[in-house]
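What follows is one structure encoded as structure tokens, with my remarks underneath.
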Amino acid sequence: MHTVDHSQTIIELKDVCFSYTSEDVVKNVSLQIHKGDYVGIVGPNGGGKSTFLKLMLGILRPASGTVKLFGVDISQFKDWSKIGYVPQRTTVDANFPVTVEEFVMMGRYSRLGLFHFPKQDDRERVNKSLRQVEMYEYKNRQISELSGGQQQRVFIARALASEPEAIFLDEPTVGVDVKTQKQFYELLRSLNQKLDLTLVLVTHELDIAAHEATELGYINRTLEYYGEPKEFLKGDYFHELIGKGGIRH
Ligand SMILES: Nc1ncnc2c1ncn2[C@@H]1O[C@H](COP(=O)(O)OP(=O)(O)OP(=O)(O)O)[C@@H](O)[C@H]1O
Ligand SMILES: [Mg+2]
């Protein structure tokens, strides 16, 4: 058994506010995510979930408040290979001529710089990532020739390829069939439990989030709830939120 310091803070937000225009989209959000946490984020459409992820990934900068990754202010943070990101569903253009292997290799670039030739250990890591998502046999296929669910797996393999400590996933199972979805959540669970990979998952599947995640967050401009999934489901509070829509139950 390996020992992991679950008290290590991976992400810390303090009083984070953000707006695209004049209206606040994310308001006064504070939270800490620790090593090995599996965080489920739910909330209505337009509630600010994707924005919240982008703030934690440095894609957007807060108007006020602070974001720290691994204890370092995000403006100073450089170790991006520690973080993987599976963005909200993007389909791969049919004219994008890349094989599955080449696509997953892109996940190594943050480590290797813009111009590089893959070395043996890059190839091995790419193969390992593809095996983890059970897509190794497809490595020479064009990515555009895969089904949506298979492409989703390849997106995850790309996020895994940099050997991250944390992965952010934005609605990764939209359009994926029930069986693939089930396998997908099993994969996430094993990555979380066996590798202590920290996961931040945005989803509309409340039942799954509540079942799989160790922490649940509800975002509707503010972080209205953050804590144990069980408590969230028990409270009247939760029924009130269902009335606002945006979650499947
Ligand atoms: N680039 C942008 N420019 C201006 N407004 C934006 C931009 N992106 C998002 N918004 C607005 O910010 C709000 C939050 O959007 P966000 O994408 O974070 O919501 P979400 O919770 O991820 O929703 P969904 O469940 O539909 O994915 C919405 O009102 C949206 O219209
Ligand atoms: Mg979104």
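Yes/no matrix, rows are residues, columns are (1) within 18 Å of Val72 (Cβ to Cβ); (2) in a strand (DSSP E or B):
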| position | (1), (2) |
| --- | --- |
| Ser7 | yes, no |
| Leu13 | yes, yes |
| Tyr20 | no, no |
| Glu23 | no, no |
| Asn28 | no, yes |
| Gly47 | no, no |
| Phe52 | no, no |
| Leu60 | yes, no |
Pairs, first touching a residue at least 60 places away in the same chain (Cβ under 8 Å) and under 20 Å from Val176 (Cα atoms) in the stretch 191-210, second of a type in the set (D, E, K, R) and within 15 Å of ligand 2 (Cβ to nearest atom), C-beta under 7 Å, six or more apart: Val202/Lys49; Val202/Asp170; Val202/Glu171; Thr203/Glu171; His204/Glu171; His204/Arg248; Leu206/Arg248
Condition set modelled with pLDDT under 95, surrounded by fewer than 21 Cβ atoms within 10 Å (Cβ to Cβ) and not hydroxyl-bearing (Ser, Thr, Tyr), scope the stretch 26-53, selection farthest from ligand 1 (Cβ to nearest atom): answer is Pro44
Per the filter on the stretch 13-24, residues modelled with pLDDT of 95 or more and either within 16 Å of ligand 1 (Cβ to nearest atom) or within 21 Å of Pro87 (Cα to Cα) (or both) are Leu13, Val16, Cys17, Phe18, Ser19, Tyr20
Taking Thr90 as meeting all but one of (1) at pLDDT 90 or above; (2) of a type in the set (Ser, Thr, Tyr); (3) over 21 Å from Tyr136 (Cβ atoms), write down the number of the exception. (1)
Looking only at the stretch 54-91, filter to residues that are surrounded by 13 or more Cβ atoms within 10 Å (Cβ to Cβ) and among the basic types (Lys, Arg); which one of those is farthest from ligand 1 (Cβ to nearest atom)? Lys82
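Quick one: is Gly58 more than 16 Å from ligand 2 (Cβ to nearest atom) and at positive phi? If you could, list the steps in order and put the result at the bottom.
On the way: more than 16 Å from ligand 2 (Cβ to nearest atom): yes; at positive phi: yes.
Judged against the criteria, Gly58 is a match.
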Given the conditions (1) among the aromatic types (Phe, Trp, Tyr); (2) within 17 Å of the chain's Cα centre (by Cα); (3) closer than 26 Å to Tyr109 by Cβ, every one holds for Tyr185 apart from (3)
Among all residue pairs at least 6 apart or on different chains, which show Cβ distances below 8 Å where the first residue, located in the stretch 24-50, is of a type in the set (S, T, N, Q) and the second is within 11 Å of ligand 2 (Cβ to nearest atom) and not in a strand (DSSP E or B)? Asn45/Gly246; Ser50/Gln88
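The values are calculated or read from the model by the stated rules, or taken from the named source; none is laboratory data. Keep in mind that this is a model prediction, so the values were computed, not measured. Backbone-built Cβ (ideal geometry, glycine too); neighbour counts: all protein chains shown.
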